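The next block holds one structure in the form of structure tokens; read it before the comments.
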Amino acid sequence: MPSQTVLVINSGSSSIKYQLVDPETGDALAKGLVERIGDPMGVITHTHGGAVTEEEMPVPDHTVGMREVLRLFDTEGPTLAEAGIVAVGHRIVQGGRHFDGPALITDGVRDLIEELCPLAPLHNPAHLKGIDVARELMPGVPHVAVFDTAFFQQLPDRSALYALETETAEKYSVRRYGAHGTSHQFVSQEIAKMLGRDDLKQIVLHLGNGASASAVRCGKPIDTSMGLTPLEGLMMGTRTGDIDPAVVFHLERVAGMSVGEVDTLFNKKSGMKGMTGESDMRSVWAMIDNDDDPVAQKRARTAMDVYVNRLVKYVGSYTAELGGLDVITFTAGIGENDVHVRRELAEALSPFGVKIDVEANKARSGEPRVISAPDSTVELVVFPTNEELAIARQALAFA
Ligand code: ADP
């Protein structure tokens with residue numbers, strides 16, 4: 001067991017995800033998930049040293065959930081005595097204008113996170129539950145908030161502002177905060193190290209169930225695709241991404257839909273899921289390959305064309321904003337694993353001299369790797385993101 005570890009906590013509305021991280025190596029020494037908090041029956045899964053423990057029990061609230069997690073550490077290992085936890089890192093979705101980096105959680109910081117709840121009504125209240133119970137149960141170590149928006153606080157006004165009437169925008173804090181910032185920052189820094197250059201013009205494509213793109217020049221973000229909320233930008237598993245806001249007015253007029261209904265439609269029932277019935281890319285590719293169902297096949301192919309075209313548009317516009325492009329990095333579930341999405345994007349960019357190495361692209365590996373041909377104008381890299389490690393390292397600085 002390393003002498004210093006960090007417990008990383010991601011507290012959601014009905015779940016607590018946790019990982020005990022060695023911030024030196026990035027190893028996850030233990031991890032787990034408490035699910036269905038508040039339901040009649042909850043589930044806790046704890047993994048340590050290759051052994052997986054799953055327990056079903058009622059978990060009425062986050063306090064009970066966190067107590068059970070600490071109990072599992074003691075019964076299944078590593079015990080808290082041997083774990084060497086020197087800090088707890090809390091993932092926080094929305095840090096608004098207050099936080100441009102990690103913050104030691106004091107009562108004042110906690111209140112600021114609470115103040116930001118209107119900007120992240122689903123996430124920040126859930127994070128606060130996790131913070132409160134973890135601070136109470138582990139009072140001897142620093143608790144550190146790491147914000148998903150912090151990296152993008154450096155965005156220049158030209159990309160952070162909407163062309164909305166200024167008074168309304170300022171009064172209601174309407175601007176682009178971005179999201180997945182911890183991942184974009186981590187990956188862009190690691191790529192600079194890997195390629196040995198700090199002057200890179202980079203595009204990072206974080207393609208998971210939620211998906212976002214960022215443009216990073218000399219280590220600083222200059223644009224990103226998510227906005228006030230994670231709805232803006234790329235097409236996603238269940239989100240529309242960019243859509244004409246007038247669609248909201250239209251649906252209200254012609255379909256009598258309420259704002260709440262449109263919110264659910266855009267965030268939970270659209271994207272890949274809404275266009276094909278499946279949000280997982282593996283299922284969508286299976287539909288595309290299935291000649292026995294030509295109707296579903298065509299629908300899936302069309303959805304995939306929309307998905308890839310959105311990527312092409314963002315890469316094109318970010319290249320113009322960056323004034324050139326050195327590297328595109330693919331990360332998260334789809335970015336790291338979807339061979340076809342990477343190939344189709346590269347093919348669309350071939351008129352600009354982008355060339356993928358077909359074999360390198362196909363190779364299965366969890367390691368960072370270059371997948372472009374040596375004579376490609378832009379390097380294409382697959383780099384596994386590790387948000388827990390990034391949070392652990394930022395939290396360690398306060399230990
Ligand atoms: P989240 O946004 O939930 O953190 P992830 O980064 O874990 O998402 O990505 C999950 C998505 O990754 C899945 O919905 C699926 O579309 C995609 N994915 C995972 N493995 C593969 C694979 N082998 N091929 C294609 N897509 C994959």
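Here are the criteria: (1) surrounded by 18 or more Cβ atoms within 10 Å (Cβ to Cβ); (2) farther than 19 Å from residue 234 by Cβ. Tell me which single one residue 380 does not satisfy.
Tallying (1) surrounded by 18 or more Cβ atoms within 10 Å (Cβ to Cβ); (2) farther than 19 Å from residue 234 by Cβ, residue 380 fails exactly one: (2).
Restricting to region 368-390, give me the number of residues that are in contact with a Pro (Cβ under 8 Å, 6 or more places away or on another chain) and away from the ligand (no atom under 14 Å from the Cβ).
3
Determine, yes or no, whether residue 335 is in contact with a Phe, Trp or Tyr (Cβ under 9 Å, 6 or more places away or on another chain) and within 29 Å of residue 158 (Cα to Cα).
Criteria met by residue 335.
Being in contact with a strand residue (DSSP E or B) (Cβ under 6 Å, 6 or more places away or on another chain), open to solvent by 10 Å² or more (accessible area, probe 1.4 Å) and more than 14 Å from the ligand (Cβ to nearest atom) is the filter here; which residues of region 320-334 pass it?
321, 324, 325, 326
Within region 30-49, take every residue that is more than 19 Å from residue 388 (Cα to Cα) and open to solvent by 40 Å² or more (accessible area, probe 1.4 Å) and give me the one that is nearest to the chain's Cα centre (by Cα).
The extreme case among them is 36.
Residues that are under 28 Å from residue 268 (Cα atoms), touching a helix residue (DSSP H, G or I) at 6+ places or on another chain (Cβ under 6 Å) and open to solvent by 30 Å² or more (accessible area, probe 1.4 Å), at least 2 per element: which helices (runs of 4 or more DSSP H) completely within region 62-144 meet that?
124-137
Yes/no per residue for (1) more than 15 Å from the ligand (Cβ to nearest atom); (2) open to solvent by less than 40 Å² (accessible area, probe 1.4 Å):
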| residue | (1), (2) |
| --- | --- |
| 192 | yes, yes |
| 201 | yes, no |
| 207 | no, yes |
| 211 | no, yes |
| 217 | yes, no |
| 231 | no, yes |
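Each row is one residue, and each column tells you yes or no for (1) in contact (Cβ under 8 Å) with a residue 40 or more places away in the chain; (2) closer than 23 Å to residue 318 by Cβ.
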position: 106; (1), (2): no, no
position: 133; (1), (2): yes, no
position: 165; (1), (2): no, no
position: 169; (1), (2): no, no
position: 173; (1), (2): yes, no
position: 178; (1), (2): yes, yes
position: 185; (1), (2): yes, yes
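The values are calculated or read from the model by the stated rules, or taken from the named source; none is laboratory data. Predicted model only: the values in this text are computed from it and were never measured. Note that we place each Cβ from the backbone using ideal geometry, even for glycine, and neighbour counts take in every protein chain shown. Each accessible area value is taken on the protein alone, full model and side chains, heavy atoms only, with ligands, DNA and RNA left out. Shrake-Rupley method; radii C 1.70, N 1.55, O 1.52, S 1.80 Å.
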